[in-house]
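Have a look at the structure below, then the notes.
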Amino acid sequence: MTFREVKLHPSRKVNIRVLVIANLISGLIIGFYNVILQPFIVKLIESTGKHVNPEETLGMIMTLASLIQIIPMIFASKISDKIGRKRVIIGSFIFLPISMVLFGTSGLLSIKYSFSYYSFRASFPLGTAFFSVITATSFPATYALAVAFLGLSCTSIAFGFGDPAGSALVAESAEKKKTASSFSVINLAFYATGLIGPLVIRILTNKIEIWVYFFILAALRLIMFLYQLFALKEPHIILDFTPSVFKQFVQSLKAIHQMFLQMFRSIALYLSIPYYFIMRRKIQSERSDYYKEVETNLKLFGDIFRNPGVPYAIGFFILDALTWGLSISIFWGSLVTQYNYDEGDIAVLQLVFNISTLLFFIPVTKISDKLKKTELLLISQLTGGLFFISNIIAYFTLPQYRLYIIMIGWVGLGASVAFWMPGIMSILTNFDKKRRAETYGMVLGFNQIGWFPTAFLAGVIIARINFLAVFIISMVLLPFNLLMAWKFPTKEESEEEDSIEQIESN
(Lines give C-alpha, C1' and ligand atoms only; values in the text may rest on other atoms or scores of the structure.)
Protein backbone atom coordinates (compact mmCIF):
# COMPACT_ATOMS: atom_id res chain seq x y z
CA MET A 1 0.00 0.00 0.00
CA THR A 2 2.34 2.68 -1.24
CA PHE A 3 2.25 5.52 -3.72
CA ARG A 4 3.66 4.79 -7.14
CA GLU A 5 4.65 8.46 -7.16
CA VAL A 6 3.22 11.52 -5.51
CA LYS A 7 0.81 11.96 -8.41
CA LEU A 8 -2.65 13.44 -8.08
CA HIS A 9 -5.62 11.57 -9.53
CA PRO A 10 -7.83 13.46 -12.03
CA SER A 11 -11.02 12.46 -10.18
CA ARG A 12 -9.87 14.09 -6.95
CA LYS A 13 -11.64 17.41 -7.68
CA VAL A 14 -15.02 15.84 -6.91
CA ASN A 15 -13.88 15.62 -3.27
CA ILE A 16 -14.58 19.31 -2.62
CA ARG A 17 -18.24 18.77 -3.49
CA VAL A 18 -18.35 15.54 -1.46
CA LEU A 19 -16.75 17.23 1.55
CA VAL A 20 -19.22 20.13 1.38
CA ILE A 21 -22.10 17.64 1.66
CA ALA A 22 -20.25 15.65 4.36
CA ASN A 23 -19.66 18.86 6.32
CA LEU A 24 -23.35 19.70 6.14
CA ILE A 25 -23.93 16.46 8.06
CA SER A 26 -20.93 17.06 10.31
CA GLY A 27 -22.09 20.59 11.18
CA LEU A 28 -25.49 19.23 12.14
CA ILE A 29 -23.82 16.71 14.46
CA ILE A 30 -21.31 19.09 16.03
CA GLY A 31 -24.02 21.71 16.54
CA PHE A 32 -25.69 19.33 19.00
CA TYR A 33 -22.45 17.89 20.35
CA ASN A 34 -20.81 21.18 21.35
CA VAL A 35 -23.89 22.31 23.28
CA ILE A 36 -24.46 19.12 25.27
CA LEU A 37 -20.99 17.63 25.85
CA GLN A 38 -19.58 19.67 28.75
CA PRO A 39 -22.91 20.18 30.58
CA PHE A 40 -23.45 16.42 30.28
CA ILE A 41 -20.02 15.64 31.75
CA VAL A 42 -20.50 18.22 34.52
CA LYS A 43 -23.77 16.52 35.51
CA LEU A 44 -21.99 13.15 35.62
CA ILE A 45 -19.21 14.64 37.77
CA GLU A 46 -21.68 16.22 40.18
CA SER A 47 -23.57 12.93 40.50
CA THR A 48 -20.42 11.24 41.86
CA GLY A 49 -20.53 13.26 45.08
CA LYS A 50 -20.31 16.76 46.57
CA HIS A 51 -16.65 16.29 47.55
CA VAL A 52 -15.62 16.51 43.86
CA ASN A 53 -14.77 19.94 42.40
CA PRO A 54 -16.54 20.04 39.00
CA GLU A 55 -14.21 22.59 37.34
CA GLU A 56 -11.00 20.79 38.30
CA THR A 57 -12.41 17.37 37.39
CA LEU A 58 -13.76 18.61 34.06
CA GLY A 59 -10.40 20.22 33.35
CA MET A 60 -8.58 16.96 34.08
CA ILE A 61 -10.94 14.95 31.85
CA MET A 62 -10.59 17.35 28.92
CA THR A 63 -6.81 17.45 29.40
CA LEU A 64 -6.54 13.65 29.22
CA ALA A 65 -8.75 13.66 26.12
CA SER A 66 -6.35 16.18 24.53
CA LEU A 67 -3.40 13.89 25.23
CA ILE A 68 -5.22 10.98 23.58
CA GLN A 69 -5.73 13.20 20.52
CA ILE A 70 -2.16 14.53 20.37
CA ILE A 71 -0.33 11.19 20.31
CA PRO A 72 -1.87 9.75 17.11
CA MET A 73 -1.79 13.15 15.42
CA ILE A 74 2.00 13.42 15.84
CA PHE A 75 3.08 9.81 15.52
CA ALA A 76 0.57 8.19 13.14
CA SER A 77 -0.16 11.07 10.76
CA LYS A 78 2.45 9.81 8.29
CA ILE A 79 0.28 6.78 7.50
CA SER A 80 -1.94 8.60 5.01
CA ASP A 81 1.16 9.80 3.14
CA LYS A 82 2.01 6.12 2.63
CA ILE A 83 -1.29 4.31 2.10
CA GLY A 84 -3.63 7.08 0.91
CA ARG A 85 -6.03 9.60 2.37
CA LYS A 86 -9.40 7.91 1.95
CA ARG A 87 -8.76 4.67 3.84
CA VAL A 88 -7.29 6.61 6.78
CA ILE A 89 -10.24 9.03 6.88
CA ILE A 90 -12.77 6.20 6.69
CA GLY A 91 -10.83 4.17 9.26
CA SER A 92 -10.81 7.06 11.72
CA PHE A 93 -14.53 7.70 11.22
CA ILE A 94 -15.36 4.21 12.48
CA PHE A 95 -14.64 5.44 16.03
CA LEU A 96 -17.23 8.25 15.89
CA PRO A 97 -20.54 6.31 15.95
CA ILE A 98 -19.01 4.17 18.71
CA SER A 99 -18.16 7.27 20.75
CA MET A 100 -21.73 8.59 20.52
CA VAL A 101 -23.16 5.22 21.63
CA LEU A 102 -20.79 5.24 24.62
CA PHE A 103 -21.95 8.73 25.63
CA GLY A 104 -25.57 7.66 25.39
CA THR A 105 -24.86 4.51 27.39
CA SER A 106 -23.15 6.52 30.13
CA GLY A 107 -26.31 8.63 30.35
CA LEU A 108 -28.43 5.51 30.77
CA LEU A 109 -26.14 4.25 33.52
CA SER A 110 -26.31 7.55 35.39
CA ILE A 111 -30.09 7.80 35.73
CA LYS A 112 -31.95 6.13 38.59
CA TYR A 113 -33.67 2.84 37.91
CA SER A 114 -37.16 3.80 39.04
CA PHE A 115 -37.39 6.94 36.90
CA SER A 116 -35.75 5.34 33.87
CA TYR A 117 -37.79 2.16 33.98
CA TYR A 118 -41.21 3.73 34.30
CA SER A 119 -40.62 6.57 31.84
CA PHE A 120 -39.24 4.11 29.29
CA ARG A 121 -42.15 1.69 29.86
CA ALA A 122 -44.69 4.48 29.29
CA SER A 123 -43.09 5.47 25.98
CA PHE A 124 -41.88 2.12 24.65
CA PRO A 125 -43.82 -0.81 26.20
CA LEU A 126 -42.14 -3.36 23.92
CA GLY A 127 -38.70 -2.42 25.25
CA THR A 128 -39.59 -2.81 28.93
CA ALA A 129 -38.11 -6.29 29.42
CA PHE A 130 -34.85 -5.43 27.70
CA PHE A 131 -34.49 -2.11 29.53
CA SER A 132 -35.22 -3.68 32.92
CA VAL A 133 -32.31 -6.10 32.40
CA ILE A 134 -29.94 -3.24 31.58
CA THR A 135 -30.93 -1.07 34.55
CA ALA A 136 -31.62 -3.77 37.14
CA THR A 137 -28.09 -3.44 38.47
CA SER A 138 -27.24 -0.32 40.47
CA PHE A 139 -24.26 1.24 38.68
CA PRO A 140 -22.08 3.65 40.66
CA ALA A 141 -21.92 7.12 39.08
CA THR A 142 -18.19 6.73 38.56
CA TYR A 143 -18.87 3.86 36.14
CA ALA A 144 -21.05 6.16 34.04
CA LEU A 145 -18.32 8.81 34.07
CA ALA A 146 -15.74 6.20 33.00
CA VAL A 147 -17.93 5.14 30.04
CA ALA A 148 -18.33 8.80 29.03
CA PHE A 149 -14.56 9.26 29.15
CA LEU A 150 -14.17 6.19 26.94
CA GLY A 151 -16.54 7.84 24.46
CA LEU A 152 -14.54 11.07 24.62
CA SER A 153 -11.36 9.05 24.02
CA CYS A 154 -12.86 7.50 20.87
CA THR A 155 -13.70 10.98 19.57
CA SER A 156 -10.13 12.13 20.29
CA ILE A 157 -8.60 9.10 18.56
CA ALA A 158 -10.80 9.66 15.50
CA PHE A 159 -9.74 13.30 15.24
CA GLY A 160 -6.08 12.51 15.88
CA PHE A 161 -5.98 9.85 13.18
CA GLY A 162 -8.24 11.52 10.61
CA ASP A 163 -7.68 15.28 10.75
CA PRO A 164 -4.19 15.39 9.12
CA ALA A 165 -5.39 13.14 6.28
CA GLY A 166 -8.62 15.11 5.86
CA SER A 167 -6.86 18.48 5.68
CA ALA A 168 -4.27 17.12 3.24
CA LEU A 169 -7.09 15.74 1.09
CA VAL A 170 -8.72 19.18 0.87
CA ALA A 171 -5.43 20.83 -0.13
CA GLU A 172 -4.78 18.18 -2.81
CA SER A 173 -8.34 18.20 -4.17
CA ALA A 174 -8.59 22.01 -4.46
CA GLU A 175 -7.47 23.95 -7.50
CA LYS A 176 -3.92 25.24 -7.12
CA LYS A 177 -4.80 28.90 -6.52
CA LYS A 178 -8.02 28.25 -4.59
CA THR A 179 -6.80 26.35 -1.54
CA ALA A 180 -7.85 29.00 0.99
CA SER A 181 -11.30 29.48 -0.57
CA SER A 182 -11.80 25.69 -0.70
CA PHE A 183 -11.22 25.48 3.06
CA SER A 184 -13.62 28.43 3.45
CA VAL A 185 -16.39 26.79 1.40
CA ILE A 186 -16.10 23.51 3.31
CA ASN A 187 -16.23 25.27 6.66
CA LEU A 188 -19.09 27.45 5.44
CA ALA A 189 -21.11 24.25 4.89
CA PHE A 190 -20.16 23.07 8.38
CA TYR A 191 -21.43 26.19 10.14
CA ALA A 192 -24.54 26.44 7.95
CA THR A 193 -26.09 23.31 9.48
CA GLY A 194 -24.40 23.98 12.84
CA LEU A 195 -27.30 26.36 13.53
CA ILE A 196 -29.84 23.54 13.75
CA GLY A 197 -28.55 21.75 16.85
CA PRO A 198 -28.50 24.76 19.22
CA LEU A 199 -31.91 25.87 17.94
CA VAL A 200 -33.49 22.45 18.56
CA ILE A 201 -31.91 22.14 22.01
CA ARG A 202 -33.08 25.64 22.95
CA ILE A 203 -36.66 24.73 22.06
CA LEU A 204 -36.56 21.29 23.73
CA THR A 205 -34.58 22.22 26.88
CA ASN A 206 -35.77 20.12 29.85
CA LYS A 207 -38.10 18.16 27.54
CA ILE A 208 -35.56 15.58 26.32
CA GLU A 209 -32.78 14.02 28.41
CA ILE A 210 -29.31 14.95 27.15
CA TRP A 211 -28.22 11.32 26.70
CA VAL A 212 -31.00 10.75 24.12
CA TYR A 213 -29.30 13.17 21.73
CA PHE A 214 -26.15 11.04 21.65
CA PHE A 215 -27.99 8.03 20.21
CA ILE A 216 -29.43 10.27 17.48
CA LEU A 217 -25.93 11.59 16.77
CA ALA A 218 -24.64 8.00 16.53
CA ALA A 219 -27.09 7.37 13.66
CA LEU A 220 -26.00 10.59 11.92
CA ARG A 221 -22.33 9.66 12.35
CA LEU A 222 -23.05 6.31 10.71
CA ILE A 223 -24.77 8.05 7.77
CA MET A 224 -21.79 10.38 7.35
CA PHE A 225 -19.40 7.42 7.46
CA LEU A 226 -21.34 5.52 4.77
CA TYR A 227 -21.65 8.58 2.54
CA GLN A 228 -17.89 9.22 2.55
CA LEU A 229 -17.17 5.51 2.05
CA PHE A 230 -19.17 5.55 -1.20
CA ALA A 231 -18.56 9.10 -2.47
CA LEU A 232 -15.04 10.14 -1.42
CA LYS A 233 -12.25 9.74 -4.00
CA GLU A 234 -8.61 8.93 -3.27
CA PRO A 235 -6.66 12.03 -4.42
CA HIS A 236 -3.47 10.07 -5.16
CA ILE A 237 -2.63 7.35 -7.63
CA ILE A 238 -1.94 4.30 -5.45
CA LEU A 239 -0.71 0.85 -6.48
CA ASP A 240 -3.34 -1.25 -4.71
CA PHE A 241 -6.28 1.15 -4.78
CA THR A 242 -9.54 -0.62 -5.71
CA PRO A 243 -12.88 0.78 -6.95
CA SER A 244 -14.71 -1.84 -4.85
CA VAL A 245 -16.38 -0.10 -1.90
CA PHE A 246 -16.39 -3.32 0.11
CA LYS A 247 -12.64 -3.78 -0.39
CA GLN A 248 -12.09 -0.11 0.49
CA PHE A 249 -13.95 -0.73 3.76
CA VAL A 250 -11.78 -3.76 4.50
CA GLN A 251 -8.68 -1.70 3.73
CA SER A 252 -9.96 0.96 6.13
CA LEU A 253 -10.21 -1.66 8.89
CA LYS A 254 -6.63 -2.64 8.12
CA ALA A 255 -5.68 1.04 8.19
CA ILE A 256 -6.84 1.26 11.82
CA HIS A 257 -4.40 -1.50 12.71
CA GLN A 258 -1.66 0.23 10.71
CA MET A 259 -2.32 3.57 12.38
CA PHE A 260 -2.05 2.10 15.88
CA LEU A 261 1.02 0.10 14.86
CA GLN A 262 2.66 3.18 13.32
CA MET A 263 1.86 5.24 16.41
CA PHE A 264 3.46 2.81 18.87
CA ARG A 265 6.36 2.13 16.52
CA SER A 266 7.06 5.84 16.05
CA ILE A 267 6.97 6.41 19.81
CA ALA A 268 9.48 3.58 20.26
CA LEU A 269 11.70 4.98 17.50
CA TYR A 270 11.75 8.49 18.96
CA LEU A 271 12.44 7.13 22.44
CA SER A 272 15.37 5.24 20.92
CA ILE A 273 17.00 8.38 19.50
CA PRO A 274 19.09 9.22 22.65
CA TYR A 275 20.34 5.61 22.82
CA TYR A 276 21.09 5.82 19.09
CA PHE A 277 23.40 8.80 19.66
CA ILE A 278 25.14 7.06 22.57
CA MET A 279 25.67 3.86 20.60
CA ARG A 280 26.44 5.54 17.25
CA ARG A 281 30.00 4.17 16.95
CA LYS A 282 28.90 0.63 17.64
CA ILE A 283 25.93 1.02 15.28
CA GLN A 284 28.23 2.07 12.44
CA SER A 285 29.86 -1.36 12.56
CA GLU A 286 26.66 -3.27 13.30
CA ARG A 287 23.92 -1.71 11.18
CA SER A 288 20.66 -3.32 12.32
CA ASP A 289 17.47 -2.60 10.40
CA TYR A 290 15.92 -1.11 13.52
CA TYR A 291 18.63 1.52 13.95
CA LYS A 292 18.55 2.30 10.26
CA GLU A 293 14.89 3.14 10.78
CA VAL A 294 15.73 5.25 13.85
CA GLU A 295 18.27 7.13 11.75
CA THR A 296 15.73 7.63 8.96
CA ASN A 297 13.11 8.82 11.43
CA LEU A 298 15.58 11.28 12.92
CA LYS A 299 16.43 12.57 9.45
CA LEU A 300 12.76 13.01 8.55
CA PHE A 301 12.16 14.87 11.81
CA GLY A 302 15.10 17.13 11.02
CA ASP A 303 13.86 17.76 7.48
CA ILE A 304 10.55 19.05 8.79
CA PHE A 305 12.29 21.56 11.05
CA ARG A 306 14.58 22.77 8.26
CA ASN A 307 11.58 24.53 6.79
CA PRO A 308 11.92 28.02 8.33
CA GLY A 309 8.18 28.32 8.87
CA VAL A 310 7.81 25.17 10.97
CA PRO A 311 9.71 26.17 14.16
CA TYR A 312 8.01 29.57 14.07
CA ALA A 313 4.61 27.95 13.56
CA ILE A 314 5.16 25.64 16.52
CA GLY A 315 6.07 28.56 18.80
CA PHE A 316 3.07 30.54 17.56
CA PHE A 317 0.71 27.60 18.06
CA ILE A 318 1.86 26.90 21.60
CA LEU A 319 1.34 30.55 22.57
CA ASP A 320 -1.96 30.71 20.69
CA ALA A 321 -3.19 27.51 22.37
CA LEU A 322 -2.31 28.82 25.82
CA THR A 323 -4.05 32.15 25.13
CA TRP A 324 -7.29 30.66 23.85
CA GLY A 325 -7.28 27.36 25.70
CA LEU A 326 -7.41 28.94 29.16
CA SER A 327 -10.63 30.77 28.27
CA ILE A 328 -12.37 28.26 25.98
CA SER A 329 -11.31 24.72 26.96
CA ILE A 330 -13.90 24.32 29.74
CA PHE A 331 -15.98 27.44 29.06
CA TRP A 332 -19.31 25.63 28.55
CA GLY A 333 -18.96 23.56 31.69
CA SER A 334 -17.93 26.63 33.68
CA LEU A 335 -21.10 28.45 32.62
CA VAL A 336 -23.07 25.67 34.31
CA THR A 337 -21.10 25.84 37.57
CA GLN A 338 -20.42 29.60 37.72
CA TYR A 339 -23.59 31.18 36.34
CA ASN A 340 -26.05 28.27 36.72
CA TYR A 341 -26.75 28.22 32.98
CA ASP A 342 -28.26 25.11 31.41
CA GLU A 343 -27.96 23.59 27.93
CA GLY A 344 -30.70 25.95 26.71
CA ASP A 345 -28.61 29.03 27.56
CA ILE A 346 -25.53 27.42 26.05
CA ALA A 347 -27.54 26.63 22.92
CA VAL A 348 -28.33 30.36 22.53
CA LEU A 349 -24.62 31.26 22.69
CA GLN A 350 -23.72 28.44 20.30
CA LEU A 351 -26.43 29.66 17.92
CA VAL A 352 -25.04 33.21 18.00
CA PHE A 353 -21.55 31.84 17.37
CA ASN A 354 -22.65 29.72 14.40
CA ILE A 355 -24.64 32.56 12.81
CA SER A 356 -21.70 34.93 13.24
CA THR A 357 -19.24 32.42 11.79
CA LEU A 358 -21.56 31.72 8.87
CA LEU A 359 -22.10 35.40 8.06
CA PHE A 360 -18.37 36.16 8.15
CA PHE A 361 -17.46 33.04 6.16
CA ILE A 362 -19.53 34.23 3.18
CA PRO A 363 -17.31 37.26 2.37
CA VAL A 364 -14.15 35.50 3.58
CA THR A 365 -14.76 32.77 0.99
CA LYS A 366 -14.56 35.46 -1.70
CA ILE A 367 -11.50 37.30 -0.39
CA SER A 368 -9.42 34.59 1.32
CA ASP A 369 -7.35 33.82 -1.78
CA LYS A 370 -6.67 37.55 -2.29
CA LEU A 371 -5.47 38.27 1.26
CA LYS A 372 -2.10 37.16 2.57
CA LYS A 373 -2.23 34.31 5.08
CA THR A 374 -0.65 36.56 7.72
CA GLU A 375 -3.44 39.11 7.19
CA LEU A 376 -6.04 36.39 7.77
CA LEU A 377 -4.32 35.35 11.02
CA LEU A 378 -3.99 38.94 12.22
CA ILE A 379 -7.67 39.75 11.61
CA SER A 380 -8.59 36.50 13.35
CA GLN A 381 -6.67 37.44 16.48
CA LEU A 382 -8.07 40.98 16.56
CA THR A 383 -11.72 39.96 16.21
CA GLY A 384 -11.28 37.12 18.69
CA GLY A 385 -10.06 39.54 21.34
CA LEU A 386 -13.66 40.70 21.70
CA PHE A 387 -14.41 37.35 23.38
CA PHE A 388 -12.05 38.10 26.28
CA ILE A 389 -13.25 41.70 26.68
CA SER A 390 -16.95 40.79 26.73
CA ASN A 391 -16.48 38.03 29.31
CA ILE A 392 -14.51 40.38 31.57
CA ILE A 393 -17.33 42.94 31.34
CA ALA A 394 -19.99 40.23 31.79
CA TYR A 395 -18.41 39.13 35.07
CA PHE A 396 -19.34 42.53 36.59
CA THR A 397 -22.72 42.77 34.85
CA LEU A 398 -26.08 42.11 36.52
CA PRO A 399 -27.22 38.48 36.00
CA GLN A 400 -30.24 39.43 33.87
CA TYR A 401 -27.98 41.18 31.31
CA ARG A 402 -24.92 38.93 31.50
CA LEU A 403 -25.94 36.50 28.74
CA TYR A 404 -26.33 39.34 26.23
CA ILE A 405 -22.84 40.68 26.96
CA ILE A 406 -21.34 37.20 26.53
CA MET A 407 -23.16 36.93 23.19
CA ILE A 408 -21.15 39.89 21.86
CA GLY A 409 -17.95 37.98 22.57
CA TRP A 410 -19.21 34.97 20.64
CA VAL A 411 -19.93 37.20 17.64
CA GLY A 412 -16.26 38.23 17.70
CA LEU A 413 -15.18 34.62 18.11
CA GLY A 414 -17.29 33.62 15.09
CA ALA A 415 -15.48 36.21 12.97
CA SER A 416 -12.18 34.97 14.36
CA VAL A 417 -12.88 31.38 13.26
CA ALA A 418 -13.99 32.52 9.78
CA PHE A 419 -10.65 34.26 9.16
CA TRP A 420 -8.55 31.67 11.02
CA MET A 421 -9.60 28.50 9.20
CA PRO A 422 -8.64 29.32 5.57
CA GLY A 423 -5.45 31.07 6.64
CA ILE A 424 -4.02 28.48 8.99
CA MET A 425 -5.14 25.42 7.00
CA SER A 426 -3.54 26.78 3.84
CA ILE A 427 -0.28 27.40 5.70
CA LEU A 428 -0.14 24.02 7.42
CA THR A 429 -0.88 21.97 4.31
CA ASN A 430 1.70 23.86 2.25
CA PHE A 431 4.87 23.28 4.30
CA ASP A 432 5.78 20.04 2.52
CA LYS A 433 3.64 18.93 -0.42
CA LYS A 434 5.23 15.45 -0.53
CA ARG A 435 4.48 14.76 3.13
CA ARG A 436 1.48 16.97 3.82
CA ALA A 437 -0.19 14.83 6.47
CA GLU A 438 2.98 14.05 8.41
CA THR A 439 4.11 17.68 8.52
CA TYR A 440 0.59 18.90 9.25
CA GLY A 441 0.13 16.30 11.98
CA MET A 442 3.44 17.11 13.64
CA VAL A 443 2.98 20.89 13.58
CA LEU A 444 -0.67 20.76 14.65
CA GLY A 445 0.32 18.16 17.25
CA PHE A 446 2.54 20.77 18.87
CA ASN A 447 -0.44 23.11 18.82
CA GLN A 448 -2.38 20.45 20.71
CA ILE A 449 0.52 20.15 23.16
CA GLY A 450 -0.05 23.85 23.85
CA TRP A 451 -3.74 23.10 24.45
CA PHE A 452 -2.95 20.02 26.53
CA PRO A 453 -2.49 21.65 29.97
CA THR A 454 -4.97 24.49 29.44
CA ALA A 455 -8.14 22.65 30.51
CA PHE A 456 -6.52 21.51 33.75
CA LEU A 457 -4.97 24.96 34.38
CA ALA A 458 -8.28 26.67 33.67
CA GLY A 459 -10.05 24.33 36.09
CA VAL A 460 -7.52 25.07 38.85
CA ILE A 461 -7.60 28.85 38.21
CA ILE A 462 -11.41 28.99 38.23
CA ALA A 463 -11.67 26.80 41.35
CA ARG A 464 -8.87 28.49 43.33
CA ILE A 465 -9.19 32.12 42.13
CA ASN A 466 -12.28 32.93 40.03
CA PHE A 467 -13.80 32.76 36.55
CA LEU A 468 -12.58 36.26 35.70
CA ALA A 469 -8.88 35.35 36.03
CA VAL A 470 -8.70 33.13 32.91
CA PHE A 471 -9.95 35.96 30.66
CA ILE A 472 -7.53 38.49 32.17
CA ILE A 473 -4.59 36.13 31.56
CA SER A 474 -5.75 35.55 27.96
CA MET A 475 -6.08 39.30 27.40
CA VAL A 476 -2.52 39.86 28.64
CA LEU A 477 -1.19 37.19 26.22
CA LEU A 478 -3.17 38.43 23.20
CA PRO A 479 -0.73 41.23 22.13
CA PHE A 480 2.07 38.66 21.83
CA ASN A 481 -0.21 36.56 19.58
CA LEU A 482 -0.84 39.60 17.41
CA LEU A 483 2.86 40.27 17.05
CA MET A 484 3.65 36.67 16.08
CA ALA A 485 0.72 36.53 13.62
CA TRP A 486 1.99 39.71 11.95
CA LYS A 487 5.50 38.26 11.55
CA PHE A 488 4.37 34.75 10.55
CA PRO A 489 6.56 33.38 7.70
CA THR A 490 4.49 31.60 5.05
CA LYS A 491 5.38 29.54 2.01
CA GLU A 492 4.02 32.16 -0.37
CA GLU A 493 6.41 34.78 1.10
CA SER A 494 9.46 32.52 0.89
CA GLU A 495 8.59 31.66 -2.74
CA GLU A 496 8.36 35.39 -3.59
CA GLU A 497 11.76 35.97 -1.95
CA ASP A 498 13.30 33.10 -3.97
CA SER A 499 11.91 34.51 -7.23
CA ILE A 500 13.29 37.98 -6.40
CA GLU A 501 16.72 36.49 -5.67
CA GLN A 502 16.68 34.62 -9.00
CA ILE A 503 15.78 37.82 -10.88
CA GLU A 504 18.53 39.77 -9.12
CA SER A 505 21.13 37.06 -9.82
CA ASN A 506 20.20 37.04 -13.52
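The values are calculated or read from the model by the stated rules, or taken from the named source; none is laboratory data. On a predicted model such as this, the values are computed, not experimentally measured, just so you know. FYI the Cβ positions are ideal-geometry reconstructions off the backbone, even for glycines, and counts take in every protein chain you see.
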Test result for GLY414, assigned to a helix (DSSP H, G or I), of a type outside the set (Asp, Glu), at pLDDT 90 or above and touching a Gly at 6+ places or on another chain (Cβ under 8 Å): no
Qualifying position, being modelled with pLDDT of 85 or more, surrounded by fewer than 19 Cβ atoms within 10 Å (Cβ to Cβ) and at negative phi, among ILE196, ILE134: ILE196
Failed item in (1) at pLDDT below 90; (2) surrounded by fewer than 21 Cβ atoms within 10 Å (Cβ to Cβ); (3) not hydroxyl-bearing (Ser, Thr, Tyr), with VAL443 passing the rest: (2)
So LEU371, is it outside any helix (DSSP H, G or I) and aliphatic (A, V, I, L, M): yes
Near pairs, Cβ below 7 angstrom, 6+ apart or cross-chain, from the stretch 225-246 (among the acidic types (Asp, Glu)) to any residue that is crowded, with 18+ Cβ neighbours inside 10 Å and at pLDDT 80 or above: GLU234/GLY84; GLU234/ARG85; GLU234/LYS86
Residue tally, condition farther than 19 Å from LEU326 by Cα and more than 26 Å from the chain's Cα centre (by Cα), over the stretch 388-415: 10
Residue identified as over 21 Å from ILE328 (Cα atoms), assigned to a helix (DSSP H, G or I), within 22 Å of the chain's Cα centre (by Cα) and of a type outside the set (A, V, I, L, M) among THR365, THR383, THR357: THR365
Members of the stretch 84-114 that are in contact (Cβ under 8 Å) with a residue 60 or more places away in the chain and not in a helix (DSSP H, G or I): GLY84, ILE94, ILE111
Qualifying residues in the stretch 394-409 (those that are in a helix (DSSP H, G or I) and among the hydrophobic types (A, V, I, L, M, F, W, C)) - the one nearest to ALA469 (Cα to Cα): ALA394
Criterion: within 27 Å of ILE314 (Cβ to Cβ) and at pLDDT below 95 - qualifying residue of GLU438, GLU343: GLU438
Residue among ILE210, ILE201, ILE157, ILE186 that alone is touching an Asp or Glu at 6+ places or on another chain (Cβ under 6 Å) and buried (at least 16 other Cβ atoms within 10 Å of the Cβ): ILE201
Leading residue by the ranking (nearest to LEU220 (Cα to Cα)) among those in the stretch 18-63 that are in a helix (DSSP H, G or I) and hydroxyl-bearing (Ser, Thr, Tyr): SER26
Given (1) surrounded by fewer than 20 Cβ atoms within 10 Å (Cβ to Cβ); (2) modelled with pLDDT of 85 or more; (3) under 30 Å from THR383 (Cα atoms), index of the condition ILE256 fails: (3)
Test: residue in the stretch 383-393 that is surrounded by 22 or more Cβ atoms within 10 Å (Cβ to Cβ) and more than 15 Å from PHE471 (Cα to Cα): no
Evaluation of SER244 against (1) surrounded by 12 or more Cβ atoms within 10 Å (Cβ to Cβ); (2) farther than 14 Å from SER92 by Cβ; (3) of a type in the set (Gly, Ala, Ser) (one fails), failing number: (1)
Any hit, the stretch 195-206, residues being touching a helix residue (DSSP H, G or I) at 6+ places or on another chain (Cβ under 7 Å), touching a residue at least 40 places away in the same chain (Cβ under 8 Å) and farther than 26 Å from ALA415 by Cα: yes
Pick from the stretch 469-501, criterion farther than 12 Å from LEU326 by Cβ and hydrophobic (A, V, I, L, M, F, W, C), ranking: modelled with the lowest pLDDT: ILE500
